[in-house]
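Notes to accompany the following structure.
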Amino acid sequence: MGKFSGRRALVTGAGAGIGRGVAIKLAQMGAEVFALSKTEANLSSLKEECPSITAITIDVSNWEATREAVKKITPIHMLVNNAGTVKLQPFLEATPENFDLVFNLNVKAVMNVSQIVASDLITRQLKGSIVSISSQAGQRALKDHTVYCSTKGALDMMTKVMALELGPKGIRVNNVSPTVVLTKLGREAWSDPAKANPMLARIPQGRFAEVEEVVNAVVYLLSDESDMINGHMLPVDGGFLAA
């Protein structure tokens, strides 16, 4: 029997990177896992790697389609809002199109999925835990990250309000706030020393985060061991926010 046996988990953006790592880890720990992604090829390879996972192809930025898809798989005891995107532009060049796109996925979609999951848990009088993937960028300004930083700041405050309102109903809500994470995309994006070194110099531990380190933090916040932790942003940043 795994730690999460008998519990149902939903992970958005589960096809690659952190979301994929979380989905596999939760399945290994006994949870019944539902993996959402808009990229069918990624979900197919995830199923090959971990056949027990139920894959659902959906773009979570589509409000109504997502609501219908999530309603069909409730109850969900553990929700991980991982789907997100980033579009880098200097402040003076930030466009309304990118603003809408990034806020729609990084903030609005989290509200949407969390509403369905939490409402159902309350109706069934079940406890639950919601963890969203935020970023150090929610608490520290980063050049060319105007829109992205703003979405993560908004996500952090949404989490606090959710914790305030849902805590009395038995649902805890927290965020994990990583530094740069060495996913496949992360390695590519930060492969240039000219870009990476200034960021590394601001991290006391002198390195970026591995996917497993973020996964471990998510699992902790989903578990009963963190039962008195609610409304917090847990940095996985090697001390970036402390410096």
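Observations on the model:
- Residue in the range 108-117 that is farthest from residue 171 (Cα to Cα), counting only those that are under 13 Å from the mean Cα position of the chain (by Cα) and in contact (Cβ under 8 Å) with a residue 60 or more places away in the chain: 109
- Residues in the range 17-31 that are of a type in the set (A, V, I, L, M) and in contact with a Gly (Cβ under 6 Å, 6 or more places away or on another chain): 29 alone.
- If you filter the range 163-175 down to residues that are touching a residue at least 60 places away in the same chain (Cβ under 8 Å) and more than 20 Å from residue 238 (Cα to Cα), you find that the one that is surrounded by the most Cβ atoms within 10 Å (Cβ to Cβ) is 163.
- Looking across the range 218-228, the residues that are touching a strand residue (DSSP E or B) at 6+ places or on another chain (Cβ under 6 Å) and over 18 Å from residue 152 (Cα atoms) come down to 221, 222.
- Condition check for residue 60: among the aliphatic types (A, V, I, L, M), outside any strand (DSSP E or B) and within 24 Å of residue 176 (Cα to Cα): yes
- Filter result (under 24 Å from residue 27 (Cβ atoms) and not aliphatic (A, V, I, L, M)) within the range 185-219: 186, 210, 212, 213, 216
- Considering the range 118-161, the residues that are over 17 Å from the mean Cα position of the chain (by Cα) and of a type in the set (Gly, Ala, Ser) include one that is surrounded by the most Cβ atoms within 10 Å (Cβ to Cβ), namely 119.
- Strands (runs of 3 or more DSSP E) (entirely within the range 125-243) containing at least 2 residues that are within 25 Å of residue 100 (Cβ to Cβ): 128-133, 171-178
- Residue in the range 22-44 that is more than 17 Å from the chain's Cα centre (by Cα), polar (S, T, N, Q) and within 18 Å of residue 214 (Cα to Cα) present: yes
- Qualifying residue in the range 193-201 (condition: touching a Lys or Arg at 6+ places or on another chain (Cβ under 9 Å) and exposed (fewer than 12 other Cβ atoms within 10 Å of the Cβ)): no
- The C-beta contact set for the range 176-195 (first residue free of Cβ contacts under 8 Å to residues at least 12 places away in the same chain and charged (D, E, K, R), second residue part of a helix (DSSP H, G or I) and surrounded by 12 or more Cβ atoms within 10 Å (Cβ to Cβ), distance under 9 angstrom, 6+ apart or interchain) comprises 195/189.
Each value in this text was obtained by applying a stated rule to the coordinates, not by laboratory testing. As the structure is a computational prediction, the values presented were derived from the model and not from experiment. Note that we place each Cβ from the backbone using ideal geometry, even for glycine, and neighbour counts take in every protein chain shown.
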